[in-house]
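Written below as structure tokens is the structure these notes are about.
The values are calculated or read from the model by the stated rules, or taken from the named source; none is laboratory data. What you see is a predicted model, and the numbers here were worked out from it, not measured in a lab. Here the Cβ positions follow ideal geometry from the backbone for every residue, glycine too, while neighbour counts run over all protein chains shown. All accessible areas refer to the heavy atoms of the entire protein, side chains included, with ligands and DNA or RNA removed. Shrake-Rupley method; radii C 1.70, N 1.55, O 1.52, S 1.80 Å.
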Amino acid sequence: VTSPCKILKCNSEFWAATSGSHHLGTEEAPEFCTALRAYAHCTRRTARTCRGDLAYHSAVHGIDDLMVQHNCSKDGPTSQPRLRTLPPGDSQERSDSPEICHYEKSFHKHSAAPNYTHCGLFGDPHLRTFTDTFQTCKVQGAWPLIDNNYLNVQVTNTPVLPGSTATATSKLTIIFKSFQECVDQKVYQAEMDELPAAFADGSKNGGDKHGANSLKITEKVSGQHIEIQAKYIGTTIVVRQVGRYLTFAVRMPEEVVNAVEDRDSQGLYLCLRGCPLNQQIDFQTIRSAQATEGRARRKGPSLPAPPEAFTYETATAKCREKLPVEDLYFQSCVFDLLTTGDVNFMLAAYYAFEDVKMLHSNKDKLHLYERTRDLAPGNTAPSGPPPTLWVALLCLSQCWLCLL
């Protein structure tokens, strides 16, 4: 269905009218201001039908910024846009246009760079949300990871062992919604032992629209690792098959993350809100049981013995081979080896952290730690002095007051 919002037309007319004049001299400023007023007039005409459109609001803010930068008056003549001609053989510009199909070039051409966030799901299953919250969850069956105005991601988790509450991701569905003149709706599906390098219709890009190449699938390792670039929303998705199960990681601008019309439904959006409380597993309690009993115990009856039994010591040693820092990725690895006995879960934790290093925009937040007081030394985050130090300081201060 063709969108009634005509912001793409406004954008194209403005860039056509100002092509080659992004660095206008003083003598050309009036011409630029004339084109800018025409741009503003066009956005006002389409305002009613563009309510909630991310590109529209970005354009409006961009116009205001340019008006101030070039000292343009809001009152004055407007111009008819002149046609922009492409130099011969400039196929790259044609394939990338309109600029609305490149997030950083269009939405943020005249404003600060976007703030990117990361979400990942791996193992039995462990979730890192867009707010860097780390959870271990049950979430058996189908659950939505992402559900916003631009795409929907759903995972299906199935039991790893018969009679076990340990689950892992066996199916992944990603729906890229049709977006203006950039992409048609595309569906990507992956299952155990089937990680295709194409969308469900066999295509590898966004379809027949002018900006189709702003959505692409790239196969990194056949049957094991694919990457999807959705430039029109500034998003990168990494899907892997490690052993029999799937991992998911995404890098997405914050404003795209929050582009949800129905705010009441965000509670089911795992990457944003995390797992429901009744689906969360007390990671710390179970890890303590693993250390003392040599195997995981979940709520309810004991798990059946895994096919390849790990002790806490052998699981720790195995995980340290790939994850030398004892953060939550390391602890997840130990947890999964004791729960499943499957060494591929060690690789899932390793690759999940490798994806974080590639996708997370804040390199100071790559590692996550449990902020509890009863962890062994070296496993806690440097979040302030330990409680014993506070007690010592308090005693010293009291003694000093007595001396005074």
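Table for the structure above
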read-out	value
Long-range neighbours under 6 Å by Cβ, at least six apart or interchain, first residue open to solvent by 20 Å² or more (accessible area, probe 1.4 Å) within region 341-357, second in a helix (DSSP H, G or I) and basic (Lys, Arg)	350/322
Test: residue in region 157-167 that is among the aliphatic types (A, V, I, L, M) and modelled with pLDDT of 90 or more	no
Residue match in region 327-334 (condition: over 26 Å from residue 236 (Cα atoms) and open to solvent by less than 20 Å² (accessible area, probe 1.4 Å))	yes
Residues of region 162-211 satisfying the condition of being touching a helix residue (DSSP H, G or I) at 6+ places or on another chain (Cβ under 7 Å) and closer than 30 Å to residue 309 by Cα	166
Checklist (1) buried (at least 19 other Cβ atoms within 10 Å of the Cβ); (2) at pLDDT below 95; (3) under 16 Å from residue 103 (Cα atoms) applied to residue 199, failing item	(3)
Which listed residue, of 140, 135, is modelled with pLDDT of 85 or more and in contact with a Gly (Cβ under 9 Å, 6 or more places away or on another chain)	135
Count of region 138-166 residues which are open to solvent by 10 Å² or more (accessible area, probe 1.4 Å), in contact (Cβ under 8 Å) with a residue 40 or more places away in the chain and in a strand (DSSP E or B)	3
Residue in region 116-137 that is open to solvent by 60 Å² or more (accessible area, probe 1.4 Å) and among the aliphatic types (A, V, I, L, M) present	no
